[in-house]
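Reviewing the structure listed below.
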Amino acid sequence: MTTQQIKYFLTLASELHFWKTAEKVYISQSSLSRQIQALESEMGIQLFERDKRNVKLTDAGTFLRDHWSTMIKELDQVHRQAKKIDEGTLGFVSISYPGSIAFKFLPNFLEVISSNLPDLKLELIEPTDESHETLLLNYDTDIAFSRDKINHINIDSLKLNSEPICVVVPENHWLTEASLNNINELKNEKFIIAGLHQTTFFASLLRTFFEKNNFEPKTIIESDFGGMILNLVSRGLGISILPYSYQFSKYKNIRFIELNEEIDLFINWRKNDPNKTINKIIEFSKLVK
């Protein structure tokens, strides 16, 4: 029994006419008759009652028509989806990302993907405990946006852009871009920042920045969640240092003051991944600003 034989059967079950069916499926009437006979012989079931003028489904044929119609539709859909996956236009892709890109880059990226790969299903992961490298190597994610380049023999990385880090202050704060001459002027300020003891890339960047400027912040609240930090700063509970991207969060009552320090954004993926969609996504990511 072949899928093609089932399709011939379903067309004949609809037309109930060998000549019309043969014409519709582009084979000769004798070939169609042989295919139906072979199907009946293999199954040991009579599917049609025939005479010189009429073709009629048997009860068994009616049962199979109803069930095979649904099955073939699903099979055709699966085949179309598999073909699109092979062409790199459909499938499922998991993407991990840092919270700082959630307000501009990530929405812009998703708009580009939606326009160019409308059938692609995406899963978005903002990791807290696991590293992007671990997620990629464990196949828990397929693409990882990260602030640092992942250096691993089985992972490829591409730098997409750079942006400044900023001091984030309440709107009515005394500090302005013009008045900030030295970070040490902030020695009496209360900081709400990522824990400097942590091993995350941004915590490491902050440690390096503070050490370079011989500055020790007076930290009153530690948090890795940018949204929470912005909320607390907007309430006047302290100031922070965050990537410029957070400015697009549209939080009220806060200002961003750029520092002479930059942070990068990379896209990372497993080398030689068989999913052709990955390469398309990487190419589209280059178009996002």
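Every number in this text was worked out from the coordinates using simple rules, so none of it is lab data. Keep in mind it's a predicted model, so treat the numbers as computed, not measured. All Cβ positions, even for glycine, are placed from backbone atoms using ideal geometry, and neighbour counts span all protein chains on display.
Structural remarks
- Segment 3-87, relative contact order in percent, only Cα pairs under 8 angstrom and at least six apart counted: 27
- Extension gain (nm, one decimal) between Val112 and Thr58, 0.36 nm per residue minus Cα-Cα: 14.1 nm
- Every helix of 4 or more DSSP H residues in the chain counts as -39500 (n - 2.57), and over all residues that averages to -12500 deg cm²/dmol at 222 nm.
- Cβ-based exposure ranking for Arg34, Arg255, in which fewest neighbours within 10 Å come first: Arg34, Arg255
- Taking a straight Cα-Cα cut-off under 21 Å and skipping sequence neighbours fewer than 8 places away in the same chain, the lysines within cross-link reach of Lys212 are Lys187, Lys190.
- Inter-site label distance for Lys7 and Leu175 at 7 Å from Cα along Cβ, in nm: 6.7
- Axis of helix 276-285 versus longest Cα principal axis of the chain: the two differ by about 40°, to the nearest ten degrees.
- Net charge dipole size for segment 163-262 [Lys, Arg +1 and Asp, Glu -1 on Cβ; Debye, nearest 20]: 340
- Gain in span if fully extended, Leu196 to Arg80, counting 0.36 nm per residue against the direct Cα distance: 36.7 nm
- Degrees between helix 201-212 axis and first principal axis of the chain (Cα, 0 to 90, nearest 10): 20
- Rounded to the nearest whole Hz, the Karplus-based 3J(HN,Hα) values (6.51 cos²θ - 1.76 cosθ + 1.60, θ = phi - 60°) of segment 251-268 follow the sequence 5, 7, 6, 9, 10, 10, 10, 5, 9, 7, 8, 10, 10, 9, 10, 10, 10, 10, with x at glycine and proline.
- Over segment 3-87, the Kirkwood radius and the radius of gyration, each from Cα atoms, give a ratio Rg/Rh of 1.03.
- Environment charge at Glu111 (Cβ cut-off 12 Å; Lys +1, Arg +1, Asp -1, Glu -1): +2
- Lysine pairs with alpha-carbon atoms under 21 Å apart, segment 3-87, spacing 8 or more or separate chains: 12
- Pairwise centroid distance, computed over Cα atoms, of segment 185-205 with segment 129-161, Å: 24
- Between the amide H of Lys104 and any residue lying 5 or more places away or on another chain, no distance stays under 5 Å, with hydrogens modeled in the peptide plane.
- Anchor Lys159: lysines whose Cα lies under 19 Å away (excluding residues fewer than 8 positions away in-chain): Lys104, Lys149, Lys271, Lys280, Lys286, Lys289
- Spin-label model distance (nm) - Met228 vs Tyr26, 7 Å beyond Cα toward Cβ: 6.2
- The value obtained for the chain, namely the Cα convex hull volume divided by the number of residues, is 184 Å³ per residue.
- The angle between the Cα long axis of helix 29-43 and the main principal axis of the chain comes to about 80°, on a 0 to 90 degree scale.
- Qualifying chymotrypsin sites (Phe, Trp or Tyr not before Pro) in segment 153-248, DSSP loop, other Cβ atoms within 10 Å at most 16: Trp174, Phe215, Phe225
- Stretchable slack from Ile282 to Glu185, in nm (0.36 nm times residue separation minus alpha-carbon distance): 30.7 nm
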